[in-house]
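Notes follow the structure.
Just so it is clear, none of the values below were taken in a lab; they were calculated from the coordinates. The shown structure was predicted, so the numbers you read here are calculated from the model rather than taken from an experiment. All Cβ positions, even for glycine, are placed from backbone atoms using ideal geometry, and neighbour counts span all protein chains on display.
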Ligand SMILES: Nc1ncnc2c1ncn2[C@@H]1O[C@H](COP(=O)(O)OP(=O)(O)OP(=O)(O)O)[C@@H](O)[C@H]1O
Ligand SMILES: Nc1ncnc2c1ncn2[C@@H]1O[C@H](COP(=O)(O)OP(=O)(O)OP(=O)(O)O)[C@@H](O)[C@H]1O
Ligand SMILES: [Mg+2]
Ligand SMILES: [Mg+2]
């Protein structure tokens, strides 16, 4: 990907709050990032840290109420998606921004066949005839490695295995050759060989179409293999952002460092007990006034209880939201 | 029910088949079957964890569900604790249900959206355990702590949780009645590594304390290596290799197992670039129309003529290790007595 290319997608200070009977949930707090053409941006972070909510907020997929996007800009082309009306959003979503949901069963409609659900966007957004759409739908299923594709188009989602449903979601998201693909844990149900096949497919599409991708996953092995840059989320915020090698080789935020130590492997020694990050995630009940990771951080300082650290540059294209300096062990000079 | 070493077999699966009919044409006639599970045999010993791995769509979930009698079997038998599950009457089934649980792959689909988390976790308690209101709530909190869910979330509804949090609700619910045997279907797939570790440690602690037995279905080979005592590898409806953890990971025998292990991504970009992969090519067959001979013959890098003619039997090739592949000879116990 050419350096300095204009981003296809730019998110600035996004803030999303849920209003519930028990009060507010501040799920996403001032999240900013950009995405360049053809690039793959990996997103990792603790369960509940706001990865899915961030991405759903971008393209107006959260029902409001209870969700409320309070602040921010999402620039796509010459538009701010947060200001766009429902019709515009709907047409952008199907065609120019593809979205793969974390939970395939909720986003596939149980009463329609898989074939119908694949053909619908092709007919609506690509203007294909029924026969063209059917042919393309079959190709798409084959691309994601589903055998006997022609026959399986007639099946309903419940007749597919978990991983096959996930691959149907991938096929639907890719159907209209989107400029941007947002993939939320797209391969959790896939075994490594099929996952490798999907990753290969994605690489090809990036090269051929210049598709830019946001890839949310907890699988650091996948991130290591495909991401160009990575953002790390914790407690509704981005706590670190770096090029992939830099992140694995020189992690700066204590959460990232702890996360990298928890991975088991298939090679090498086998630990008797897996490492965990002790403590509970934050409650997100209010706008954070201090570092969200402080309660679990082994390097906590006084200042962390009083101030929420901003993201500061710690290297080329590398920033972290932390007061602690790993090299000196003391406070960062900010 | 006991093997030679005196270990008790809690679950005995013999030649299990689970076929789903395919209907076609305008008349919706029965035109064939999806052979989701097609003749699978294995045992699970009391207190052990058997890992079940294999490619997406190879029949792992179906196998797990069939063992808990969530389907009527097409053929074969499953014995749990010495009794054939097919012989259970509905009332008997209701009685044994609490002792056998399943953590489902699709957390969203298995949680009632109109119930709060406390109600979901507490539901099995209402049905099967006589406890006071206070005891019930204590138990719910205890379970939420155990899976790392904040107690303050007790009155929230499933849609108010993230994917990983929802998965943990399902786990807490499965643990509510202190079951003896749990089928865990991809229980940690939606969780981040730290919480995966927390859940796996929890499953291990419960096993140590209560002697639980697990069938652990997962495509995460590094986690299976951590948790399983023995591992069964499935391919297209059949078990192709069954071995102890160390045997399988140190010296995989079946070409499919070899390919599977070589494809695991390395969590370090510096190593990633050099890794040697066996990339499988060739058609992925459909379980409705499996190939003649060995099911893996269309993609096997070591395929021989015989593989396209004869389906290899699942045979013991080494002590405690079975493989279905023409590359290996059946093991002769006589050699062992000589040694
Ligand atoms: N409808 C809702 N009402 C209230 N809170 C919600 C709602 N949806 C999500 N949340 C909360 O927002 C936070 C962020 O959720 P999100 O789904 O973005 O997490 P995530 O990072 O994607 O986690 P995972 O890795 O488990 O999928 C969580 O704490 C979740 O409980
Ligand atoms: N109710 C059903 N009707 C028809 N076919 C089914 C049904 N349930 C499963 N199948 C088929 O049986 C095969 C095995 O499915 P199963 O869900 O057991 O796979 P799996 O190994 O769990 O895969 P995954 O890793 O993707 O979850 C698949 O081809 C699937 O489409
Ligand atoms: Mg999520
Ligand atoms: Mg499954």
Distance between the C-alpha centers of the range A:60-76 and the range A:223-267? Whole Å please.
27
If you fit an axis through the alpha-carbon atoms of helix B:133-146 and take the longest principal axis of the Cα set of chain B, what angle between them do you get, 0 to 90°, nearest 10?
40
For the range B:184-257, what does the equivalent ellipsoid look like in terms of its semi-axes, each the square root of 5 times an eigenvalue of the Cα gyration tensor, given largest first in whole Å?
23, 14, 12
Report Rg/Rh for the range B:110-237, rounded to two decimals, where Rg is the Cα radius of gyration and Rh the Kirkwood radius.
0.97
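Nearest 5 percent is fine: what portion of the DSSP beta bridges confined to the range A:149-283 is antiparallel?
Numbers: 6 of 11 bridges.
Bridges in the range A:149-283 are about 55 percent antiparallel.
Provide B:283, A:184 in ascending order of the number of other Cβ atoms located within 10 Å of each residue's Cβ, fewest first.
Working: B:283 10, A:184 22.
In order of increasing Cβ crowding within 10 Å: B:283, A:184.
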Relative contact order (percent, whole number), the range A:161-227, Cα cutoff 8 Å, 6+ residue spacing:
40
Based on the alpha-carbon gyration tensor of the range A:158-224, what equivalent-ellipsoid semi-axes (square roots of 5 times the eigenvalues) come out, in whole Å, largest first?
19, 15, 11
Relative to chain B, whose Cα atoms define the longest principal axis, helix B:193-210 and its Cα axis are tilted in degrees, nearest 10, by 80
Of the beta bridges DSSP finds with both residues in chain A, what % are antiparallel, to the nearest 5?
65
Please pull out the direction-averaged projected area of the range B:1-108, using the convex hull of its alpha-carbon atoms, in nm² to one decimal place.
9.1
Sequence of B:225, A:306, B:28 once ranked by neighbouring C-beta atoms within 10 Å, starting from the fewest
B:28, A:306, B:225
Helix A:192-209: angle to the longest alpha-carbon principal axis of chain A, degrees 0 to 90, nearest 10?
80
P(r) histogram, all alpha-carbon pairs of the range A:1-83 included - 10 Å bins from 0, percent:
17, 48, 28, 7, 1
Would you kindly calculate the translational diffusion coefficient of chain B, applying Stokes-Einstein with the Kirkwood radius from alpha carbon pairs, for 10 °C and a viscosity of 1.306 mPa s, and quote it in µm² s⁻¹ without decimals?
73
Quick check: the distance between the Cα centres of the range B:106-155 and the range A:2-52, to the nearest angstrom?
31
Which three numbers, in whole Å and largest first, are the semi-axes of the equivalent ellipsoid of chain A derived from its Cα gyration tensor as √(5λ)?
35, 23, 19
Please give the average number of partner chain Cβ atoms lying within 10 Å of the Cβ of each residue in B:54-62, rounded to a whole number.
6
Mean projected area (nm²) of the alpha-carbon convex hull when the protein assembly as shown is viewed from all directions:
32.5
What fraction, in whole percent, of alpha-carbon pairs in the range A:194-322 exceed 27 Å separation?
30
